[in-house]
Amino acid sequence: MARRRPVMTDLRDIPTFSLVVATLGRTAELDRLLGSLAAQERADVEIVIVDQNGDDRLGPVLDQWSGRLPITWLRSESLGVCRARNTGAAAARGEWLIFPDDDCWYPADCLTRLETLTGRHPAAFHGGRAADRNGRTIMGTFAAQAGPITRQNVWSTMIEWMLAIRAPAFAEVGGFDPAIGPGAGTPWGAYEAQDLALKLLEAGHRGHYDPAWFGHHPDDRSDQTTASAIAKIRLYSQGLGYVMRRHGYGFGDYLPRLLRPLAGMISYGATGRIGMARRSRAILAARWMGWTSAPLREGGTPKTPAAP
């Protein structure tokens with residue numbers, strides 16, 4: 001259950017963009033995000049903070065933005081990033097919903113670029129690219145060319161914090177699935193954006209991707225063979241299998257995602273890189289478990305795209 005805290009400033013009539021931020025455990029990073037939103041210099045924006053902390057650590061951070069940004073501060077007693085996003089979306093009033101990570105930040109022209117995209121390419125949702133502070137792609141492989149988002153390319157055109165969705169379309173498909181994503185309390189710790197995009201496509205909505213619309217995020221260069229890193233990738237890998245199978249992908253579509261970690265396990269083992277071989281084995285096992293844990297969703301074939 002969420003408790004509404006006072007609105008920090010007076011909101012405009014109807015915002016174009018509502019930025020819904022689920023946050024837990026971070027303060028300096030959230031402050032950096034808010035600074036990047038202030039740099040957008042737009043009067044048609046609202047920010048909904050969904051605070052999942054058990055204390056008031058955000059108070060000093062949000063107080064310093066009082067009068068400078070239109071912020072609504074909600075407290076949520078239930079954990080899970082997707083639960084928090086849905087809570088914030090229910091309180092938001094904007095035409096477009098965006099879901100920043102609490103440790104990401106945006107170029108000063110990010111929302112203006114998005115506004116241009118929505119005008120040139122009418123769609124119910126838009127996807128962008130993850131980049132480091134120098135603009136280099138991070139956090140996976142992203143398509144190099146702009147174009148429609150489809151069942152085939154949804155895996156390379158989508159990340160949660162570079163996703164903008166028309167509010168009515170978000171509500172129509174029920175928002176994010178709270179059983180998927182970080183903090184969900186299930187084995188399916190990622191791919192909630194792809195799950196949402198596939199629901200939108202199945203409902204007949206159009207999506208568009210453009211790599212020129214990007215935001216920034218810290219690039220994780222830590223040791224990926226530690227127990228905690230392997231536990232994290234295990235959750236992510238189970239999420240991939242779960243989402244693909246529940247949306248009607250065939251085993252032939254999924255098989256390459258099993259063969260890649262299998263090849264890695266063999267190759268790393270042969271060259272003595274035991275930590276990486278162990279990591280590949282964990283990915284392989286988790287992807288199989290995710291696939292076998294998912295119910296096949298009926299009606300996974302998209303409808304004819306509707307007008308946005």
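Some observations on this one:
- Each 10 Å bin from zero holds the following percent of Cα-Cα pairs in the stretch 202-286: 15, 33, 33, 17, 2.
- Estimated [θ] at 222 nm from DSSP helical runs (n ≥ 4, -39500 (n - 2.57)) normalised by residues in the chain, nearest 500: -12000 deg cm²/dmol
- Rounded to the nearest 20, the size of the Cβ-charge dipole of the chain about its Cα centre is 1080 debye, with Lys and Arg at +1 and Asp and Glu at -1.
- Pairs of Cα atoms farther than 16 Å apart, the stretch 16-100, %: 47 percent
- Carbon plus sulfur fraction of accessible area for the chain, probe 1.4 Å, in percent: 54 percent
- Summarising the overall dimensions of the chain from its C-alpha atoms, the Rg and Dmax are 19.4, 63 angstrom.
- D_trans [Stokes-Einstein, Kirkwood Rh over alpha-carbon pairs] for the stretch 150-308, 10 °C, 1.306 mPa s, µm² s⁻¹: 94 µm²/s
- At a probe radius of 1.4 angstrom, the accessible area of the chain per residue rounds to 44 square angstrom.
- Cα extents of the stretch 68-190 along the three principal axes, largest first (Å): 40, 37, 31
- Using distinct alpha-carbon pairs, which all enter the 1/r mean, Kirkwood radius of the stretch 9-54 in Å: 11.6 Å
- Global size of the stretch 95-156 as Cα Rg and Dmax, reported in angstrom: 12.4, 32
- At full extension, D63 and R136 could sit 22.9 nm farther apart than now, given 0.36 nm per residue minus the alpha carbon distance.
- Placing a pseudo-label 7 Å from each Cα along the Cα-to-Cβ vector at A212 and A270 gives an inter-label distance of 4.4 nm.
The values are calculated or read from the model by the stated rules, or taken from the named source; none is laboratory data. Quick caveat: nothing in here was measured; it's all calculated off a predicted structure. Note: ideal-geometry Cβ built from the backbone for every residue, glycine included; neighbour counts use all protein chains shown. For the accessible areas, the whole protein counts, side chains as well, though only heavy atoms, and no ligand, DNA or RNA atoms are used. Shrake-Rupley method; radii C 1.70, N 1.55, O 1.52, S 1.80 Å.
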